[in-house]
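A short write-up of the structure that comes next.
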Amino acid sequence: MFRLNNIKLSIKMLIPFIVSILALSAIALVSTRNSSEINERLVENLYNEVYQCTQNLLNADRDFYQAQAALNDMISAASQQDRDKAAADFDENSKQVNDRVSEAKTIINNAGDKMAGYKHKDSGLSLDQLFRQFEKDYIVWKGLAAQDSLKQNKAGLEEAFASARNALDQMEDILEEFSSDVVAQSRKSASDTHTLVVLIAVIGGTLTELISIIFIIGVGRRTRVTVSYIQKTADFDLVHDPAYDKYLNDKDEFGQIIGAVARLRSEFRKLIRNVMKQTEQLDDTIDLTNSNMEDLSENITDISATTQQLSAGMEETAASSQEMNATAAELENAAEMIAEKAGDCAATADDISRRANKLEDDFKQSYSQGEIIFNDVKSKLEIALEESKTVEEINVLAEAILQIASQTNMLALNAAIEASRAGEAGKGFAVVAEEIRMLAGNSRETVAKIQNVTKGVIDSVANLSENADALLRFVNVNVRKDYGTMLEATDRYGNDAEQINELAADLSATSQELLASIHNLVKAIQEVTQAANEGAEGASSIAQRASVIVEKSQEVIESVNNAGEGAGLLSKEISKFSIDRN
């Protein structure tokens, strides 16, 4: 259903002006239309038809008099020249009469039926009948004028002239009556137009005033409602009032204002409820925060004390790590010495192996030479005696071998001692050292045998000159056998040297691995020492930061208390508002 309250206020203010403008437009339209009609009557009827037709008839009447006068002059002319001049005037004026009457008839015919109902008040003839009457009399008058006996026809001419001119006069009377009617109709139209304009103006003004009064009353009432609603809000009264709900669906500015204020009040109610709720929660949160901050402060104090204890423990750990680092350095030096000795042992074993191989080659060569000596003993006995000095060199070599075996035994003893110091990591090295000692003992026994053999050889060389035959027999029987035994001994000696070399190489590799492990151990101890120092510094920093945290927690407690005071002030402020409790 249409309601005025759904119309915008700006449109309401424009409606009276629109009504006034419509009224003025109607007045202008009516005035323009009636003025056009009056103008059409006055201009079209009076001028284009009546005036021109009347002018033609008046001119025709004048020309008709002049033609009649010329005709009289022709009758009374004294000379032919005067007669001819009068005849020329007659022809000219009579022709103009005919032309002007014809033109007037044409204008009336073009006007249609406007003048068809008009008749002369005396004769009762219409314009059409009068035109026919005039034409009839004009033809008679013209015919009589064309005859030679003008004087005899003068009475007929005057009668025809009078009748034709009477027709013209009656036509002029009818045109005058028509002009009077046109003027009367124009005046009536003007009067009607004036009446209609006044009526439209009165109706438009009355309607404008009525609409203005209705709108003013409505605007005043709705203004009071809107102001009261706003004032109620300004007085902090936000309780929902159903009396204003009926205005919420209105589409005008007041409805929009009331709707906006209603939405604002609703949002204020929600906001205040939320503020009240959040304030209560904030009070609870502040109490809980104070309690938690006190617990936090106590815990941080405990953490600070524990951190200080941890810092002291880390410092002690760092000191112990430094002592371990020094011990590991000594162990590293000992391992380096073992590795160096193992390298020397490997070099010595390699030298023994090379000498044993050389000795075996020498023995084989001596054996070959002994075979030659045996075949040519007599011729080369002196050479054999000279070569007997080689046996002394064997004794020297035996002494060297014996010395090497003694040194090897000492080296194995030192290795066993170092292995026992190394603990679990030196067990394998102790086994190697024991094997080296056994190998040294075997080498000593072999050297003893070599010395015994060498002694027998020397004794045999001493008795060589006396017992040449015995020597030959000895060489043939015993020396060959001893050479075989010696070759076997040198072969075993070479094998033993290779075993010693392998054991020395294993000992060197093991010592290198032990040295690498010790290096790793030293590095790990250094890293532990560094980590302990950093841990001590970190623990000290934690203790300092814990003190700072305690100070900050006190500041937080103060801030929370300030927030609690602000929440109290906020609660006090919002208590000024009146809202629904649902």
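The values are calculated or read from the model by the stated rules, or taken from the named source; none is laboratory data. None of the values given here were measured: they were computed from a predicted structure. Cβ placement follows ideal geometry from the backbone for every residue including glycine, while neighbour counts extend to all protein chains displayed.
Here are a few things to note about the model shown:
- Subset of segment 179-222 (residues that are more than 28 Å from residue 46 (Cα to Cα) and either touching a Gly at 6+ places or on another chain (Cβ under 9 Å) or surrounded by 15 or more Cβ atoms within 10 Å (Cβ to Cβ) (or both)): 200, 201, 204, 207, 208, 211, 212, 215, 218, 219, 222
- Among the residues making up segment 134-171, those that are charged (D, E, K, R) and either outside the structural domain of residue 48 (by TED's automatic domain parsing) or surrounded by fewer than 17 Cβ atoms within 10 Å (Cβ to Cβ) (or both) are 135, 136, 148, 151, 154, 158, 159, 169.
- Condition broken by residue 483, with the remaining ones in (1) modelled with pLDDT of 75 or more; (2) touching a Phe, Trp or Tyr at 6+ places or on another chain (Cβ under 6 Å) satisfied: (1)
- In this entry, residue 228 is excluded by the filter for residues that are surrounded by fewer than 16 Cβ atoms within 10 Å (Cβ to Cβ) and under 23 Å from residue 120 (Cα atoms).
- Exclusive hit being at pLDDT 90 or above, of a type outside the set (Lys, Arg) and in a helix (DSSP H, G or I), set 73, 91: 91
- Enumeration of residues in segment 79-122 that are more than 12 Å from residue 60 (Cβ to Cβ), out of contact with any Asp or Glu (no Cβ under 8 Å at 6 or more places or on another chain) and among the hydroxyl-bearing types (Ser, Thr, Tyr): 79, 106
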